[in-house]
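Written out below as structure tokens is the structure these notes cover.
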């Protein structure tokens, strides 16, 4: 069964864009190639590593396996939609303060997953944070700094 071309109005970071592509095109490709949003990264392409994580209707989702056809009428937030260099989101600032990056490739997924967690559970336990981030891969070994960053952000949550 082949996919058909569709036109979808996407709400990304509060802005609406209309895109036309095959229905089964991964949202990641639309975000990066059509909308020029480079926060989500292409990692494994299988939804296994977390580098492509975005927040869809408040839930962390792997955009590399999320088809364009399912993205219409949803609120999508990418890393670019959280904060700016001048005013980073408190999760982004916590990652900066804890120096929770080495190569930075996993950072998008870690930050977006942490943001979705803190939106659901503003003051999670260390175990809850570890469980939430366990499906995000980091090969550089900044796991302790990442954990500290999420704990810092949780302490700053209202």
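A short reminder: the numbers here are calculations on the coordinates, not readings from a lab. This is a predicted model, so every value here is computed, not measured. FYI the Cβ positions are ideal-geometry reconstructions off the backbone, even for glycines, and counts take in every protein chain you see.
Remark: the residue 144-residue 38 segment gains 35.6 nm on full extension, using 0.36 nm per residue and subtracting the alpha carbon distance. Relative contact order for the stretch 96-158: 51 percent, from Cα pairs under 8 Å spaced at least 6 residues apart, divided by residue count. When the inverse distances between all different Cα atoms of the chain are averaged and flipped, the Kirkwood radius reads 15.9 angstrom.
Based on Cα contacts under 8 Å between residues 6+ apart, the chain shows a relative contact order of 23 percent. Summarising the label geometry, the points placed 7 Å from Cα in the beta-carbon direction at residue 22 and residue 65 lie 1.9 nm from one another.
Helical content alone sets the calculated 222 nm signal of the chain at -8500 deg cm²/dmol, taking -39,500 (n - 2.57) per DSSP H segment of four or more residues and averaging over every residue. With all projection directions averaged, the alpha carbon convex hull of the stretch 5-81 covers 4.2 nm². How many percent of the alpha carbon pairs in the stretch 77-127 exceed a separation of 18 Å? Of the Cα pairs, 28 percent sit more than 18 Å apart. Given a cut-off of under 8 Å on Cα pairs at least six residues apart, what relative contact order in percent is computed for the stretch 5-81? Relative CO of the stretch 5-81 lands at 39 percent. Of the peptides 104-113, 63-72, 138-147, the order by per-residue mean of other Cβ atoms within 10 Å, starting with the highest, comes out as 104-113, 63-72, 138-147. For residue 127 and residue 157, the FRET efficiency from 1/(1 + (r/R0)^6), where r spans their Cβ atoms and R0 equals 22 Å, is about 0.80. For the stretch 90-156, report the % of Cα-Cα distances exceeding 19 Å. The share of Cα pairs beyond 19 Å in the stretch 90-156 comes to 16 percent.
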